[in-house]
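The block underneath contains the structure these notes are about, expressed in structure tokens.
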Amino acid sequence: MSEFVIALPKGRILEEINPFFEKIGLIPEDDFFDDHSRLLKFKTNINNTSIIRVRSFDVATFVAFGAAQMGICGDDVLEEFDYSDIYAPIDLKIGKCHMAVAALQQFVLEDDFYRDGHVRVATKYPNITKKYYQSKSIQPECIKLSGAMELAPVVGLCHRIVDVVSTGSTLKANGLVELEHVMDVSSKLIINKVSFKTQSKVMMNWIEQFKEIVK
Ligand code: PRP
């Protein structure tokens, strides 16, 4: 039997994911809980089942290409990549946040950036950003960054950012304000479509367990 690999995102969402696995009875090896460990693939107490811990942005990619059969991934990442090979059957109702357009307080009232139908936006999400602005007939010039988006307007790299907002404290700390709501975000259980067909019994078992917990 081939190995069953579950892709999980690094970072604060892990704390919300752990109770699911506790309830299911999936116990990863000790290194999984050790922040100093450099291990990226972890054995579990379930036969032939491992966990990989990757960047939240990469979870969908590992699952889409079948390197992991199942994963937990936010709507932001799913929407940005829009992989056709992923099935997302359950909203786990964790990792709740939203995506927004934000700007420096002093630029909020200046709509010059939009006047000629053009705006320069720093974001980790160029596809979502383009789609959002194009629906308003505005052509965004997207500058792709990998993190610390809130810094971009502060140092004059752009006039707007599109990023996820959770508590709003990063925006506030950097003098930015939220202008427009782009989309709501929560985390989904995601499954590789081919694996869903070839390992349907195992998959249905996982899906039922997650469904029961969400209920
Ligand atoms: C995310 C996001 C914001 C921040 C929002 O960054 O990109 O910067 O969280 O959270 P808040 O509204 O609670 O302040 P993350 O911490 O994931 O790090 P990153 O900058 O590496 O993306």
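The table for this structure:
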{"item": "Carbon and sulfur %, accessible surface of the chain computed with the full protein complex present, 1.4 Å", "result": "51"}
{"item": "Calculated [θ] (222 nm, deg cm²/dmol) that DSSP helices of n ≥ 4 give over the chain, each run adding -39,500 (n - 2.57)", "result": "-9000 deg cm²/dmol"}
{"item": "Candidates 21, 81, 62: whichever shows maximal mean-square fluctuation once the chain is modelled as a Gaussian network with Cα springs under 10 Å", "result": "21"}
{"item": "Whole-Å distance, taken between Cα centres, linking segment 53-88 and segment 191-215", "result": "15"}
{"item": "For the chain, convex hull volume per residue from C-alpha positions, Å³", "result": "129"}
{"item": "Accessible area per residue, Å², segment 165-215 with all protein chains present, probe 1.4 Å", "result": "58"}
{"item": "Size of charge dipole - the chain - debye, nearest 20, with Cβ of Lys, Arg +1 and Asp, Glu -1, no other charges", "result": "420"}
{"item": "Solvent-accessible heavy-atom area per residue, rounded to whole Å², over segment 1-77 at 1.4 Å", "result": "54"}
{"item": "For segment 35-88, convex hull of alpha carbons as volume per residue, Å³", "result": "96"}
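The values are calculated or read from the model by the stated rules, or taken from the named source; none is laboratory data. Keep in mind the model is a prediction, meaning the values are calculated, not measured. Here the Cβ is made from the backbone with ideal geometry for all residues, glycine too, and neighbour counts use every protein chain on show. These accessible areas exclude ligands, DNA and RNA; they are computed on the full protein's heavy atoms, side chains included. Shrake-Rupley method; radii C 1.70, N 1.55, O 1.52, S 1.80 Å.
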